[in-house]
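Enquirer: I'd like to ask some things about the structure below.
The values are calculated or read from the model by the stated rules, or taken from the named source; none is laboratory data. Worth saying up front: this structure is predicted, and the values here are computed from it rather than measured. Every residue, glycine among them, receives a Cβ derived from its backbone with ideal geometry; neighbour counts consider all protein chains shown.
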């Protein structure tokens with residue numbers, strides 16, 4: 001009593017071709033079971049009874065492809081992921097932004113381009129809070145605007161809750177920071193409202209135009225492009241360059257680089273961390 | 001989420017430590033979480049209180065998770081309860097068998113809490129405006 005008919009070789013090839021051409025997700029020929037096990041529920045929700053019908057929905061409705069990408073990729077994030085990145089932020093990039101604020105720049109805008117369940121954006125909000133207090137300017141926190149976006153509406157929902165279990169909260173977060181920025185509610189840890197208020201989360205598909213997002217001083221695009229083809233990566237970084245201010249910064253995951261890609265960025269390093277600026 | 005709207009989730013797994021981890025993870029969503037260590041306890045629990053969602057392991061002593069799923073699916077009272085299978089059983093044939101039988105999502109251990117919670121949110125449609 002299958003809710004969707006088992007995927008045929010022809011249907012798999014059509015969906016596989018679509019995934020590689022639109023977003024560069026390159027499935028192996030024997031991964032038909034992945035499509036069937038991960039996308040059956042979506043097919044049912046769309047009223048499709050075969051994967052051929054699901055394919056037609058993906059083509060006809062631009063809202064469907066992001067859901068497919070979300071289901072075919074893995075969500076994993078942690079607090080202050082990649083220590084070197086956060087050290088670079090603290091020692092190099094934030095001091096640059098503080099100088100800009102002193103010189104009268106009204107706002108520093110940051111984008112977490114695949115914010116998942118919120119840890120990256122909230123880690124930054126915590127670091128900014130710590131640094132502003134250390135420098136004796138707690139009022140500066142309000143001049144940072146952090147925007148998190150994700151292809152998954154479920155991840156956005158969870159990020160807005162800002163509530164985590166003890167395992168999740170322990171992944172990358174020190175006991176001191178946990179005590180300073182969370183309060184315990186029954187068995188869960190709720191982030192303080194003043195940190196929640198520093199970040200805004202929305203559903204966004206990286207395949208769309210970035211222009212409506214406005215311009216940014218810092219973009220986190222970490223562990224996002226790893227799933228995608230070379231051409232999709234190049235398009236993605238070109239679009240990021242288009243919304244990054246001329247003196248802005250791009251941060252990638254610790255295991256990522258732009259090596260071998262046509263991308264309008266050049267790398268800089270500080271201590272062990274790497275960041276990217278416009279060429 | 002108001003107290004009246006609390007969703008009820010049943011975790012069925014023979015490992016106490018995993019039940020504890022899942023229990024805590026699901027409480028983040030302010031669910032009312034209950035546990036069963038096997039099929040028999042699960043059937044009794046479902047009869048007492050129909051859950052909104054079941055998280056089900058495959059390999060358990062006695063009736064396994066797949067058999068239990070079929071039993072729930074074939075009972076009109078429980079047929080509509082969505083089931084997410086969370087199991088170390090990662091053979092392609094088993095995954096397909098479960099999905100074709102009507103399991104909503106199939107997650108293999110080790111799993112990320114982000115993946116589990118996003119699938120739970122999707123099944124229960126908590127992210128709809």
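Enquirer: Residue B:99 fails exactly one of the following numbered conditions: (1) more than 7 Å from chain A (Cβ to nearest Cβ); (2) modelled with pLDDT of 95 or more; (3) in contact with a helix residue (DSSP H, G or I) (Cβ under 9 Å, 6 or more places away or on another chain); (4) farther than 17 Å from residue B:52 by Cα. What is the number of that condition?
Expert: All conditions pass for residue B:99, except number (1).
Enquirer: Do you know which of the residues in segment B:113-129 that are facing chain A (nearest Cβ under 7 Å) and closer than 14 Å to residue B:25 by Cβ is farthest from the chain's Cα centre (by Cα)?
Expert: B:114
Enquirer: For segment B:19-48, how many residues meet the condition of being surrounded by fewer than 17 Cβ atoms within 10 Å (Cβ to Cβ) and within 14 Å of chain A (Cβ to nearest Cβ)?
Expert: Selection size over segment B:19-48: 2.
Enquirer: Looking at segment B:84-96, which of the residues that are away from chain A (no Cβ under 11 Å) and part of a strand (DSSP E or B) is nearest to the chain's Cα centre (by Cα)?
Expert: Here the residue is B:86.
Enquirer: Tell me which residues, restricted to segment A:78-101, are without any contact (Cβ under 8 Å) to a residue 60 or more places away in the chain and either within 14 Å of chain B (Cβ to nearest Cβ) or not in a helix (DSSP H, G or I) (or both).
Expert: Passing the criteria: none in range.
Enquirer: Can you name the condition, by its number, that residue B:51 falls short on among (1) over 14 Å from residue A:38 (Cα atoms); (2) in a helix (DSSP H, G or I)?
Expert: Every listed condition holds for residue B:51 apart from (2).
Enquirer: Quick check on my filter: what residues within segment A:185-213 are in contact with a strand residue (DSSP E or B) (Cβ under 6 Å, 6 or more places away or on another chain) and either at pLDDT 95 or above or part of a strand (DSSP E or B) (or both)? Don't jump to the end; show me each part of the working.
Expert: Kept after step one, since they are in contact with a strand residue (DSSP E or B) (Cβ under 6 Å, 6 or more places away or on another chain), are these residues of segment A:185-213: A:188-191, A:198-202, A:204.
A:188, A:189, A:190, A:191, A:198, A:199, A:200, A:201, A:202 - these are the residues of segment A:185-213 that are in contact with a strand residue (DSSP E or B) (Cβ under 6 Å, 6 or more places away or on another chain) and either at pLDDT 95 or above or part of a strand (DSSP E or B) (or both).
Enquirer: When only residues in segment A:56-66 that are at pLDDT below 90 and more than 15 Å from the chain's Cα centre (by Cα) count, which is nearest to the other protein chains (Cβ to nearest Cβ)?
Expert: Start the filter on segment A:56-66 by keeping residues that are at pLDDT below 90, which leaves A:62-63, A:65-66.
Within this subset, residues satisfying the condition of being more than 15 Å from the chain's Cα centre (by Cα) are A:62-63, A:65.
On the way: A:62: 18, A:63: 13, A:65: 16 Å.
Going through the qualifying residues, I end up with A:63.
Enquirer: Given the structure, is residue B:11 farther than 22 Å from residue B:127 by Cβ and within 14 Å of chain A (Cβ to nearest Cβ)?
Expert: Considered against the rule, which asks whether it is farther than 22 Å from residue B:127 by Cβ and within 14 Å of chain A (Cβ to nearest Cβ), residue B:11 comes out as no.
Enquirer: I need a count of the residues in segment B:64-81 that are part of a helix (DSSP H, G or I) and free of Cβ contacts under 8 Å to residues at least 40 places away in the same chain.
Expert: Selection size over segment B:64-81: 7.
Enquirer: Filtering segment A:63-76 down to residues that are touching a residue at least 24 places away in the same chain (Cβ under 8 Å) and part of a loop (DSSP other than H, G, I, E, B), which residue is surrounded by the most Cβ atoms within 10 Å (Cβ to Cβ)?
Expert: Initial filter on segment A:63-76 (touching a residue at least 24 places away in the same chain (Cβ under 8 Å)): A:65-73, A:75-76.
From the residues that got through so far, the ones that are part of a loop (DSSP other than H, G, I, E, B) too are A:73, A:75-76.
Details: A:73: 19, A:75: 21, A:76: 16.
That would be A:75.
Enquirer: If you don't mind, there's one more thing I want to ask. Considering A:171, A:160, which residue is surrounded by 15 or more Cβ atoms within 10 Å (Cβ to Cβ) and within 20 Å of residue B:124 (Cβ to Cβ)?
Expert: It is A:160.
Enquirer: Since residue B:110 meets every condition but one in (1) at pLDDT 95 or above; (2) more than 9 Å from chain A (Cβ to nearest Cβ); (3) over 15 Å from the mean Cα position of the chain (by Cα), which condition does it not meet?
Expert: Among (1) at pLDDT 95 or above; (2) more than 9 Å from chain A (Cβ to nearest Cβ); (3) over 15 Å from the mean Cα position of the chain (by Cα), the lone unmet condition for residue B:110 is (1).
Enquirer: Applying the selection to segment A:228-279, what residues are closer than 21 Å to residue A:22 by Cα and in contact with a strand residue (DSSP E or B) (Cβ under 7 Å, 6 or more places away or on another chain)?
Expert: Residues satisfying the conditions are A:237, A:240, A:241, A:258.
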